[in-house]
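Undergrad: Here it is, the structure in full.
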């Protein structure tokens with residue numbers, strides 16, 4: 001099959017970018033989307049042009065490195081699928097495809113399709129953990145966890161941190177990402193002691209990074225390769241409001257620490 | 001070079017306890033005066049950096065990915081072993097130890113493996129406390145499943161994403177230390193050299209992958225947790241970025257490389273679909289709990305699988321290995337798949353595949369239960385192949401997955417370079433010639449959470465380390481070398497891309513140093529690899545400059561190292577005139593085609609010492625002494 005690509009090219013964070021057109025011929029429908037970029041890059045290299053920079057690593061949909069806006073849709077047309085797991089059989093022969101990086105103030109473009117997502121790490125550092133140092137854990141079976149809670153926690157914990165939720169959101173909000181971590185830990189007994197400060201700390205960091213607020217569009221859930229539900233945002237609101245309302249002084253002191 | 005494994009004296013079960021008492025401690029108030037570099041943020045590196053940060057050391061942690069959460073441990077699917085015996089099915093520390101030693105075909109150190117089995121139970125406790133959502137039973141307690149090479153259920157899992165959940169637990173612990181100020185994280189930063197001063201590891205030279213800036217990082221000790229070298233084969237289940245550079249450059253600075261020929265070829269991967277293929281995808285071994293492996297009895301049987309009657313199917317693993325059946329270890333399952341394909345009974349395009357069939361399981365426990373256990377794996381399979389495994393059997397074929405070889409380390413996980421510690425897949429230590437399923441996660445976390453925090457303290461408390469900084473001539477010289485190498489790669493402007501060399505190298509290795517190795521094939525590789533390397537340095541095309549985000553340059557540096565390392569791998573495979581675990585020499589097999597070990601001549605660790613460019617490395621032997629287990633012929637029949 002043959003495709004016409006328009007790819008966002010931008011030499012560095014400081015320079016302006018533009019869409020460049022490339023023709024890709026003799027492709028197999030069984031090829032993955034990133035393999036399509038590999039093929040184009042091999043040709044560009046042979047022609048002495050700069051290959052297209054893009055993030056990728058595991059190529060099996062779990063590391064969360066890859067992420068492209070494909071025809072304006074985060075991770076492309078297939079539901080519940082990261083870019084690396086998208087195959088050309090999802091496109092028709094002769095199609096034109098626009099490929100762009102995630103667009104969000106908190107995710108500045110570094111080059112071509114590569115963006116800086118370290119803001120996500122800082123949101124986790126602001127409370128997305130259980131504060132248990134190595135060696136201090138009780139026996140693993142000392143606290144039973146209802147299977148339904150453990151399963152539900154796992155639904156949220158599957159987040160791969162790719163940033164598609166931010167890219168898909170008209171407000172560039174990181175609410176789904178933040179909510180998934182808050183929700184995962186809030187369902188488990190181990191997450192209770194820090195539950196309130198976690199919700200406050202992570203939301204405050206999210207705001208500080210320049211992500212927008214949630215206005216309930218639901219685009220994040222549609223784009224999420226792990227189908228993390230917007231319900232988690234409702235749970236986050238609940239914890240956030242409770243934390244702000246019930247223990248504001250104590251929480252404020254803890255967050256400041 | 002002397003190989004001193006520093007195995008503590010005393011009975012096996014008491015060695016680690018005794019050693020922990022005998023090791024020197026660093027006073028809590030003094031820990032912050034010591035700086036430690038950790039390279040790699042997978043399960044081993046991430047857990048080490050977090051735990052050392054908690055203890056109060058000043059940790060600098062490096063990864064080439066954009067976030068520490070993306071390290072390739074994240075892709076481990078099936079589970080993590082621990083000798084908890086929660087299932088009351090006869091498990092014990094001793095049994096896990098024995099299974100691991102036997103699974104490794106008696107080519108691992110007893111003392112290390114016993115310690116691993118002891119620590120395994122604490123790992124599960126730690127991970128649960130971090131909020132890792134392991135699978136549970138309705139009563140609220142942890143669930144287990146069985147895995148290859150074991151007859152007990154000791155594997156803990158989180159759906160098919162166990163590695164992801166363990167890594168996120170460890171990444172969160174790491175970020176907690178970043179917030180606390182004990183760990184400084186350097187993402188998108190690649191280690192390109194190791195720096196020694198007075199014979200001890202004192203730092204690394206790194207390249208900032210965004211700006212291209214080459215910098216020296218100084219510390220009192222260096223920890224490498226940079227994973228395995230499976231990508232030397234080009235096609236593997238490893239992430240595209242996984243590479244040998246950190247360990248290989250440490251090797252060139254004097255760290256011995258242990259057993260490079262021990263590579264693991266995993267039996268259940270999705271077959272290659274075309275020339276453009278960039279990686280292979282693993283289907284977790286846990287699938288073999290309920291899936292049955294078969295091929296048609298007759299060669300050239302082109303019928304769709306549903307039309308092949310039961311009597312005309314050969315469930316060859318159940319037939320050949322009745323007691324372990326589909327759950328025999330990976331090396332055995334892989335070789336058996338190769339055998340039936342060599343006989344012309346393989347299925348799918350090119351005849352390079354076997355069926356993994358869930359028909360019986362769906363009949364027995366229902367589609368919903370199968371979906372609960374393996375849903376995400378089935379989904380992944382369908383996405384890649386466009387076939388529905390609930391309706392038609394999966395097609396699988398072996399692929400390079402893990403490397404048991406790695407930098408040689410002593411009982412303290414220190415390499416032959418003082419101050420250079422090596423953890424996880426990057427070291428050679430615990431899996432012998434074959435790793436059992438669900439043991440990699442266990443080893444990575446054992447090394448990082450529960451071993452290095454003690455042994456590093458002992459090193460720092462006893463080493464005499466002069467104060468140095470980045471102006472030291474050794475750092476200046478290493479920086480200059482790194483810069484020069486990049487300029488050289490960028491200046492060639494030849495005709496071939498980096499990937500074309502990498503693919504060619506991969507084909508040579510898969511062909512002659514893969515599932516079956518012969519002296520003739522390995523010798524041919526030892527001629528062809530240097531020629532390919534020479535062509536690379538004359539004819540590779542690396543576009544762009546060194547002062548920018550340049551992914552071609554990153555890959556070129558890694559492939560240049562693979563081109564040297566591949567020779568070491570083949571040399572080790574040629575020297576080891578026996579078959580053991582994942583290393584199968586065609587010349588050494590039993591009449592029924594099983595691996596034939598030679599304990600009289602090869603019961604040792606082969607540690608290779610670099611002797612300079614284009615010189616044959618020196619072989620040092622660490623004899624393996626088995627005081628507690630009897631060396632037997634591994635049988636899964």
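The values are calculated or read from the model by the stated rules, or taken from the named source; none is laboratory data. The shown structure was predicted, so the numbers you read here are calculated from the model rather than taken from an experiment. All Cβ positions, even for glycine, are placed from backbone atoms using ideal geometry, and neighbour counts span all protein chains on display.
Undergrad: For residues that are within 23 Å of residue B:499 (Cβ to Cβ) and more than 10 Å from chain A (Cβ to nearest Cβ), tally how many sit in the range B:267-293. Outline the logic, then answer.
TA: From the range B:267-293, those within 23 Å of residue B:499 (Cβ to Cβ) are B:269-282; that's our starting set.
Still in the list and also more than 10 Å from chain A (Cβ to nearest Cβ): B:269, B:271-272.
Counting residues in the range B:267-293 that are within 23 Å of residue B:499 (Cβ to Cβ) and more than 10 Å from chain A (Cβ to nearest Cβ) gives 3.
Undergrad: Could you tell me which numbered condition residue B:261 fails, if it satisfies all but one of (1) outside any loop (DSSP other than H, G, I, E, B); (2) more than 14 Å from chain A (Cβ to nearest Cβ); (3) buried (at least 24 other Cβ atoms within 10 Å of the Cβ); (4) modelled with pLDDT of 95 or more?
TA: (1)
Undergrad: Given the conditions (1) out of contact with any strand residue (DSSP E or B) (no Cβ under 7 Å at 6 or more places or on another chain); (2) surrounded by fewer than 21 Cβ atoms within 10 Å (Cβ to Cβ); (3) more than 13 Å from chain A (Cβ to nearest Cβ), which single one is not true for residue B:99?
TA: (2)
Undergrad: Moving on to the next point. Has the range B:292-313 got any residue that is modelled with pLDDT under 95 and touching a strand residue (DSSP E or B) at 6+ places or on another chain (Cβ under 6 Å)?
TA: Checked the range B:292-313: no residue is modelled with pLDDT under 95 and touching a strand residue (DSSP E or B) at 6+ places or on another chain (Cβ under 6 Å).
Undergrad: Listed residues B:178, B:218; which is over 30 Å from residue B:97 (Cα atoms), surrounded by fewer than 24 Cβ atoms within 10 Å (Cβ to Cβ) and facing another protein chain (nearest Cβ under 9 Å)?
TA: Result of the check over B:178, B:218: B:178.
Undergrad: Residues that are within 21 Å of the chain's Cα centre (by Cα) and modelled with pLDDT of 95 or more: which helices (runs of 4 or more DSSP H) entirely in the range B:1-88 hold 3 or more of them?
TA: Filter on the range B:1-88 gives B:43-55.
Undergrad: Let me ask something else. Would you confirm whether any residue within the range A:189-209 is in contact with a helix residue (DSSP H, G or I) (Cβ under 8 Å, 6 or more places away or on another chain) and farther than 19 Å from residue B:176 by Cβ?
TA: no
Undergrad: Among the numbered criteria (1) under 30 Å from residue B:634 (Cα atoms); (2) not in a loop (DSSP other than H, G, I, E, B), which one does residue B:174 miss?
TA: (1)
Undergrad: So residue B:159 passes all but one of these: (1) out of contact with any strand residue (DSSP E or B) (no Cβ under 8 Å at 6 or more places or on another chain); (2) more than 10 Å from every other protein chain (Cβ to nearest Cβ). Which condition number does it fail?
TA: Against the list (1) out of contact with any strand residue (DSSP E or B) (no Cβ under 8 Å at 6 or more places or on another chain); (2) more than 10 Å from every other protein chain (Cβ to nearest Cβ), residue B:159 comes up short only on (2).
Undergrad: Return yes when residue A:4 is over 30 Å from residue B:377 (Cβ atoms) and in a strand (DSSP E or B) and no when it is not.
TA: yes
Undergrad: Suppose we filter A:30, A:26 for residues that are exposed (fewer than 15 other Cβ atoms within 10 Å of the Cβ) and either closer than 30 Å to residue B:270 by Cβ or facing another protein chain (nearest Cβ under 10 Å) (or both); which single one remains?
TA: After applying the criteria, what remains is A:26.
Undergrad: Output the number of the condition that residue B:601 fails; it satisfies all remaining conditions of (1) within 29 Å of residue B:150 (Cβ to Cβ); (2) part of a helix (DSSP H, G or I); (3) over 22 Å from the mean Cα position of the chain (by Cα).
TA: (1)
Undergrad: Given B:514, B:557, which one is touching a residue at least 24 places away in the same chain (Cβ under 8 Å) and either under 30 Å from residue B:601 (Cα atoms) or within 14 Å of chain A (Cβ to nearest Cβ) (or both)? Talk me through it step by step, then tell me what you get.
TA: Working: B:557 fails: either under 30 Å from residue B:601 (Cα atoms) or within 14 Å of chain A (Cβ to nearest Cβ) (or both).
On inspection, the qualifying residue turns out to be B:514.
Undergrad: Kindly establish whether residue B:344 is touching a helix residue (DSSP H, G or I) at 6+ places or on another chain (Cβ under 7 Å) and surrounded by fewer than 16 Cβ atoms within 10 Å (Cβ to Cβ). Please lay out each step first, then the result.
TA: Details: touching a helix residue (DSSP H, G or I) at 6+ places or on another chain (Cβ under 7 Å): yes; surrounded by fewer than 16 Cβ atoms within 10 Å (Cβ to Cβ): yes.
Here the answer is yes, as residue B:344 does meet what is asked.
Undergrad: Only residues that are in a strand (DSSP E or B), at pLDDT 95 or above and farther than 21 Å from residue A:136 by Cβ: list them for the range B:118-150, please.
TA: B:136
Undergrad: Scan (1) within 12 Å of another protein chain (Cβ to nearest Cβ); (2) out of contact with any helix residue (DSSP H, G or I) (no Cβ under 7 Å at 6 or more places or on another chain) for the single condition residue B:454 breaks and write down its number.
TA: Exception for residue B:454: condition (2).
Undergrad: In the range A:130-160, how many residues are touching a residue at least 24 places away in the same chain (Cβ under 8 Å), part of a loop (DSSP other than H, G, I, E, B), within 7 Å of chain B (Cβ to nearest Cβ) and within 20 Å of residue A:201 (Cα to Cα)?
TA: Result for the range A:130-160: 3.
Undergrad: Go through the range B:451-502 and give me each residue that's surrounded by fewer than 16 Cβ atoms within 10 Å (Cβ to Cβ) and more than 27 Å from residue B:220 (Cα to Cα).
TA: Answer for the range B:451-502, where residues must be surrounded by fewer than 16 Cβ atoms within 10 Å (Cβ to Cβ) and more than 27 Å from residue B:220 (Cα to Cα): B:487, B:488, B:491, B:493, B:494, B:495.
Undergrad: Would you pick out the residues in the range B:359-414 that are closer than 24 Å to residue B:335 by Cα and assigned to a strand (DSSP E or B)?
TA: B:394, B:395, B:396, B:397, B:398, B:399, B:400, B:401, B:402, B:403, B:406, listed by residue number.
Undergrad: Might you check whether a residue that is surrounded by fewer than 24 Cβ atoms within 10 Å (Cβ to Cβ) and in a loop (DSSP other than H, G, I, E, B) occurs anywhere in the range B:160-171?
TA: Of the residues in the range B:160-171, the ones surrounded by fewer than 24 Cβ atoms within 10 Å (Cβ to Cβ) are none.
No, there is no match, as no residue in the range B:160-171 is surrounded by fewer than 24 Cβ atoms within 10 Å (Cβ to Cβ) and in a loop (DSSP other than H, G, I, E, B).
Undergrad: So, in the range A:116-129, of the ones that are touching a helix residue (DSSP H, G or I) at 6+ places or on another chain (Cβ under 9 Å) and outside any helix (DSSP H, G or I), which residue ends up nearest to the other protein chains (Cβ to nearest Cβ)?
TA: Residues of the range A:116-129 touching a helix residue (DSSP H, G or I) at 6+ places or on another chain (Cβ under 9 Å): A:117, A:119-129.
Now narrow it down to the ones that are outside any helix (DSSP H, G or I): A:117, A:126-129.
Numbers: A:117: 6, A:126: 7, A:127: 8, A:128: 6, A:129: 4 Å.
Among those that are touching a helix residue (DSSP H, G or I) at 6+ places or on another chain (Cβ under 9 Å) and outside any helix (DSSP H, G or I), it is A:129.
Undergrad: Across the range A:37-58, which residue is farthest from residue B:66 (Cα to Cα) among those that are more than 8 Å from chain B (Cβ to nearest Cβ) and touching a strand residue (DSSP E or B) at 6+ places or on another chain (Cβ under 6 Å)?
TA: A:40
Undergrad: Moving on. Between a first residue in the range A:72-86 that is within 10 Å of chain B (Cβ to nearest Cβ) and a second residue that is assigned to a loop (DSSP other than H, G, I, E, B) and surrounded by fewer than 17 Cβ atoms within 10 Å (Cβ to Cβ), which pairs have beta carbons less than 8 Å apart while being 6 or more apart in sequence or on different chains?
TA: Pairs found: A:80/A:227; A:86/A:77.
Undergrad: I'd like the residue in the range B:365-388 that is more than 26 Å from residue B:302 (Cβ to Cβ) and touching a residue at least 60 places away in the same chain (Cβ under 8 Å) and, out of all such residues, is farthest from the chain's Cα centre (by Cα).
TA: The selected residue is B:365.
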